[in-house]
């Protein structure tokens, strides 16, 4: 099997003359680490192909790209190929206000949450919504299972919030859960690790790689959290032939156009929304409200209802923001066209 096929590339159409395919395995500021048919290489973006082109997404780890060789220098990346899946969040930079893509072209999202003091169902629900939105299948991995006597209560709590999602209590020390996790890491498949700092992503990656590829740091005693160990997103090839994209711990995970992901994550809640007596029910004091009845009976936990509303508000804001940015881009593009036309008329 060719090297690129091992990395998941299967050509679907003839390549343009002079261009070759590669997969992005790491991003170093404006320099991209690539795997091409002949081995590893580095590339930089072709400025005219990316800057000012709204329909050309900047490459991220996991992307397949087309490039041209440059004698004596880095390859010139000219195109990002269509993504089959990608994970995105709201850019945490206050001045950003736009989508930030974390990784692309993966089959599974391992949402990792440790069973220490930092265990948080609401955060898992947030990750689930964005994972479903990505187009891949989420799996919840409850790490550090050796720290608790019984993992069943936490696993059942997650299962109640993650319909149809496999929940794997795992310990790299005892080996519990490793066989179940490895079942997803089949040759040619790609998984992405997501979770906060200190959940054990680096330790798990070192175990899967059978050697130390990531530094592991101790977590803080007071809250069970850790400092960032992974400093950049990177794709690793396991001995099994599966690939893993490791990501830095994300303390901020703002919602970005995850309406479909919310529907998948909160299908129980959205089913209730359509069962109220009145179609315009606000779920506050109205008679015949299915949501209020479910909250009163305990069928719908109050925390889950509150988290659904919070994530829904964030998603609607992001969608409005995205529409405004697209409108601004088109407006600026129209002004630029008009300006160029005026210059032609004057000269």
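The values are calculated or read from the model by the stated rules, or taken from the named source; none is laboratory data. The shown structure was predicted, so the numbers you read here are calculated from the model rather than taken from an experiment. Heads up, the Cβs are rebuilt from the backbone with ideal geometry, glycines too, and the neighbour counts pull from every protein chain shown.
Condition (residue is surrounded by 12 or more Cβ atoms within 10 Å (Cβ to Cβ), outside any loop (DSSP other than H, G, I, E, B) and at pLDDT below 95) applied to the range 50-61: is it met by at least one residue?
First, pick out the residues of the range 50-61 that are surrounded by 12 or more Cβ atoms within 10 Å (Cβ to Cβ): 50, 52, 56-61.
From the residues that got through so far, the ones that are outside any loop (DSSP other than H, G, I, E, B) too are 50.
From what's left, at pLDDT below 95: 50.
Yes, the range 50-61 contains at least one residue that is surrounded by 12 or more Cβ atoms within 10 Å (Cβ to Cβ), outside any loop (DSSP other than H, G, I, E, B) and at pLDDT below 95.
Which numbered condition trips up residue 4, out of (1) surrounded by fewer than 17 Cβ atoms within 10 Å (Cβ to Cβ); (2) assigned to a helix (DSSP H, G or I); (3) in contact (Cβ under 8 Å) with a residue 24 or more places away in the chain?
It fails just one condition, (1).
Kindly list, by first and then second residue, each pair from a residue in the range 234-259 that is under 27 Å from residue 307 (Cα atoms) to a residue that is at pLDDT 90 or above and assigned to a loop (DSSP other than H, G, I, E, B), limited to pairs with Cβ atoms under 6 Å and residues at least 6 apart or on different chains.
Partner pairs satisfying both residue conditions: none exist.
Among the residues of the range 249-272, count how many are at pLDDT 75 or above and out of contact with any helix residue (DSSP H, G or I) (no Cβ under 7 Å at 6 or more places or on another chain).
3
Just for the range 200-221: of the residues that are at pLDDT below 90 and under 17 Å from residue 139 (Cα atoms), which one is surrounded by the fewest Cβ atoms within 10 Å (Cβ to Cβ)?
200
Does the range 161-168 contain any residue that is at pLDDT 90 or above, in the same structural domain as residue 191 (by TED's automatic domain parsing) and more than 15 Å from residue 264 (Cβ to Cβ)?
Yes, the range 161-168 contains at least one residue that is at pLDDT 90 or above, in the same structural domain as residue 191 (by TED's automatic domain parsing) and more than 15 Å from residue 264 (Cβ to Cβ).
Taking the condition of being out of contact with any strand residue (DSSP E or B) (no Cβ under 7 Å at 6 or more places or on another chain) and crowded, with 18+ Cβ neighbours inside 10 Å, how many residues in the range 136-157 meet it? I'd like the intermediate steps shown before the answer.
Going through the range 136-157, the residues out of contact with any strand residue (DSSP E or B) (no Cβ under 7 Å at 6 or more places or on another chain) turn out to be 146-150, 152-153, 156-157.
With the extra rule that they be crowded, with 18+ Cβ neighbours inside 10 Å, the set shrinks to none.
The qualifying residues number 0.
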